[in-house]
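Enquirer: My questions will all concern the structure given below.
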Amino acid sequence: MIADPNLEVFRKSIGPQYSPLPLSAINANRNDGMLLIQEYVRAKASIHSARQPAISEGKIPDIDFYFIENTKANACAFEMGGRGYIGVFTGAVLLTRDLFYRMLSHPEILPRVGDSGAERVGPYHSQGLSNDYQDLLDGRPPEFKLEDVAPRDPNRRAYADVLARIALDFLVYHEFAHIRNGHCRYRNAITGTPFIAEHVSNAFGQSSSIDPLTSQVIEMEADSFAAHVTFWLHTTDSYARPLDYFGARVSDWCFTMMSFFWMWGWGANLSRLFQDPYPPPVFRSHGALTLARDIAADIAGAEFGAKFQEFGNLALKLARDAVKKISGGAEDPAMLAFYSVAKNVISAHWKTIDSDLKKLAYVTNL
Ligand SMILES: [Zn+2]
């Protein structure tokens, strides 16, 4: 086996607590092997296309992509020696697939998709949301596979696969944006560490901290890029024309964003606004949908932009119902109060650092 020097840089950077899972080490015979291989290939292709000179003016460094063998929902991006690195925890891939499989294998969730009469309720449907796949595995028989929570109806399964793909594309483009938009370089300039992870972890050399509001701005900017790209990908053809059933595709995307972010955690606590390095996930899905409304108006006209509210509200209702059915409750009463304050605080802070961020970005246009 030829040693991969970039893999060694990656291994060293993520620290001894974590192990990379390179493509060569993914055994197709393990339960989730084929799925991980597919996701690996897709992530590489997404990064490759987003680095294309026509899009990025050839400015973005080479980027390596690796999985990290860990059941938590997490991902990271950093730069080292003139290269970019993106790591995605296997847990993020499996949790996302598991979430949409459990939703579509429940006969009362999105009952009009495919043949919901083929589905049966199982004990895994009441396992709730978690951002650690081990929590879900612990509550299942040892021989249980991801396959065992998948929808029986092939159309419902295919639909769940589409939603999971939107969510995982979003994650990869989010990490890509941390490199593209100069976030890693910016963090390095301030703290001496070019490392950005999606959950605080001392292992990632993030003990040298950055101002929490600055960190939140960086996360929101990476979300904006990922929302932009995934919305276009799912709703338009390669000539940026709206696909057939544009409205339904907009709803799929909104449904996915809300479900995906809720999986990362609930709650929005205003008293933590100046302390938490990450915006609450419920706030981030709200931000992504707000951005998508403007993109929808660009694609399909101002009239559709106004109609977007209906699709967004319907998707919110459907996603809430879906999450309620698998977790018994999904309420965030503090969300609106949080949003009305936080959006102003974060955008004011954004203005103060925007020009410094842009100086270190490889590409500043969208
Ligand atoms: Zn991030």
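What follows is calculated from the coordinates using simple rules that are stated; it is not laboratory data. None of the values given here were measured: they were computed from a predicted structure. Cβ sites come from the backbone with ideal geometry, for glycine too, and all protein chains shown count toward neighbours.
Enquirer: Going by the structure shown, is Ala268 under 23 Å from the mean Cα position of the chain (by Cα), part of a helix (DSSP H, G or I), more than 16 Å from the ligand (Cβ to nearest atom) and buried (at least 20 other Cβ atoms within 10 Å of the Cβ)?
Expert: So Ala268 does not fit the description; no.
Enquirer: Now a separate question. Taking the condition of being away from the ligand (no atom under 13 Å from the Cβ) and surrounded by 24 or more Cβ atoms within 10 Å (Cβ to Cβ), how many residues in the range 171-197 meet it?
Expert: The total comes to 1.
Enquirer: Suppose we keep only residues that are β-branched (Val, Ile, Thr) and farther than 13 Å from Phe225 by Cβ within the range 349-366. Which one would you say is farthest from the chain's Cα centre (by Cα)?
Expert: Thr352
Enquirer: Could you tell me whether Lys307 is within 22 Å of the chain's Cα centre (by Cα), of a type outside the set (Asp, Glu) and either part of a helix (DSSP H, G or I) or surrounded by 15 or more Cβ atoms within 10 Å (Cβ to Cβ) (or both)?
Expert: no
Enquirer: Just to be sure I understand, how many residues within the range 221-263 are outside any loop (DSSP other than H, G, I, E, B), among the hydrophobic types (A, V, I, L, M, F, W, C) and away from the ligand (no atom under 16 Å from the Cβ)?
Expert: Number of matching residues: 11.
Enquirer: Scanning for something on the phi > 0 side of the Ramachandran plot and touching a helix residue (DSSP H, G or I) at 6+ places or on another chain (Cβ under 9 Å), does the range 15-24 turn up at least one residue?
Expert: yes
Enquirer: Which residue is nearest to Asp135 (Cα to Cα), if the candidates are limited to the range 56-98 and must be free of Cβ contacts under 8 Å to residues at least 60 places away in the same chain and of a type in the set (Gly, Ala, Ser)?
Expert: Step by step, filter the range 56-98, then rank; the result is Gly91.
Enquirer: I'd like the full set of residues that are under 17 Å from Arg249 (Cβ atoms) and either in contact with a Leu (Cβ under 6 Å, 6 or more places away or on another chain) or surrounded by fewer than 20 Cβ atoms within 10 Å (Cβ to Cβ) (or both), limited to the range 279-292.
Expert: Passing the criteria: only Leu291.
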